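Peer 1: The structure under discussion is supplied below as structure tokens; questions concerning it will follow.
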Amino acid sequence: MPAMVREGISVAVAILQSDEWKCGMKPMHFEGTMFDPMREYLRIPSCVEVVRAHEIIAASEANCELLPGWVGECYERGQMVVAATGVTIFNGPEALRAHPSDFVVRDQNGVFSVYDVTAFEQSFVPAHWAETYKLHAA
């Protein structure tokens, strides 16, 4: 799903870069000998949905439909508290605090995480390379 921009609200999809992308381990043959070919593997990337916390804070009831549906659902269920200074998301027993410049990430399993700008840029790449500018301009 590409990033969308509607009336100043941007929603981006990114791909998580994992430390497990490369594995230098040699797979064992059933007889205990090592396979010579293919010692490195790529982990299949996972797609996540991303919204900047300042977009959640800025959204009023009149334009909240511009955000992904899960944002409104979380708010209505009491799983998200929005204040002028940030967003708090209750992710099971854990409370995650997002400052306005932070990224709120929802993975394929519906699990939330919060990343500051530096950690986000180190962990994610745009799912669609043409969206790089839009992601950073958000």
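The values are calculated or read from the model by the stated rules, or taken from the named source; none is laboratory data. Keep in mind the model is a prediction, meaning the values are calculated, not measured. All Cβ positions, glycine included, derive from the backbone under ideal geometry; neighbour counts span all protein chains shown. Side chains are part of the model used for accessible areas, which takes the heavy atoms of the whole protein and leaves out ligands, DNA and RNA. Shrake-Rupley method; radii C 1.70, N 1.55, O 1.52, S 1.80 Å.
Peer 1: In the stretch 122-138, which residue that is of a type outside the set (A, V, I, L, M, F, W, C) and surrounded by 13 or more Cβ atoms within 10 Å (Cβ to Cβ) is modelled with the highest pLDDT? Quick ask: steps written out before the conclusion?
Peer 2: Narrowing the stretch 122-138 to residues of a type outside the set (A, V, I, L, M, F, W, C): 122-123, 126, 128, 131-134, 136.
Checking which are surrounded by 13 or more Cβ atoms within 10 Å (Cβ to Cβ) leaves us with 123, 126, 128, 131-132, 134.
On the way: SER123: 87, PRO126: 80, HIS128: 71, GLU131: 54, THR132: 51, LYS134: 54.
Only one residue tops the list, namely SER123.
Peer 1: Here's something else I'd like to know. Here is a check on your reading of the model: is VAL82 closer than 14 Å to VAL51 by Cα and of a type in the set (A, V, I, L, M, F, W, C)? Quick ask: steps written out before the conclusion?
Peer 2: Working: closer than 14 Å to VAL51 by Cα: yes; of a type in the set (A, V, I, L, M, F, W, C): yes.
In short, yes.
Peer 1: Let me ask something else. All but one of (1) open to solvent by less than 70 Å² (accessible area, probe 1.4 Å); (2) in contact with a Cys (Cβ under 8 Å, 6 or more places away or on another chain) hold for GLN108; state the number of the condition that does not hold.
Peer 2: Among (1) open to solvent by less than 70 Å² (accessible area, probe 1.4 Å); (2) in contact with a Cys (Cβ under 8 Å, 6 or more places away or on another chain), the lone unmet condition for GLN108 is (1).
Peer 1: Then there's this: Working carefully through the options ALA119, ALA95, ALA83, ALA62, find the one that is at pLDDT 90 or above, open to solvent by 50 Å² or more (accessible area, probe 1.4 Å) and among the aliphatic types (A, V, I, L, M). Steps first, answer last, please.
Peer 2: Values: ALA119 fails: open to solvent by 50 Å² or more (accessible area, probe 1.4 Å); ALA83 fails: open to solvent by 50 Å² or more (accessible area, probe 1.4 Å); ALA62 fails: at pLDDT 90 or above.
Going through ALA119, ALA95, ALA83, ALA62 in turn, just one is at pLDDT 90 or above, open to solvent by 50 Å² or more (accessible area, probe 1.4 Å) and among the aliphatic types (A, V, I, L, M): ALA95.
Peer 1: Let me ask something additional. Are any residues in the stretch 44-77 of a type in the set (Asp, Glu) and in contact (Cβ under 8 Å) with a residue 12 or more places away in the chain, and if so, which ones? Show your work before the answer.
Peer 2: We begin by selecting, within the stretch 44-77, every residue of a type in the set (Asp, Glu); these are 49, 55, 61, 65, 73, 76.
If the condition is that a residue be of a type in the set (Asp, Glu) and in contact (Cβ under 8 Å) with a residue 12 or more places away in the chain, then GLU49, GLU55 are the ones that fit.
Peer 1: Ok, one more. Take residues that are of a type in the set (Val, Ile, Thr) and tell me which of the strands (runs of 3 or more DSSP E) falling wholly in the stretch 64-132 contain 3 or more.
Peer 2: Details: elements: 80-83, 86-91, 94-98, 103-106, 112-115, 124-126.
Because the criterion is at least 3 residues that are of a type in the set (Val, Ile, Thr), the strands (runs of 3 or more DSSP E) in the stretch 64-132 that meet it are 86-91.
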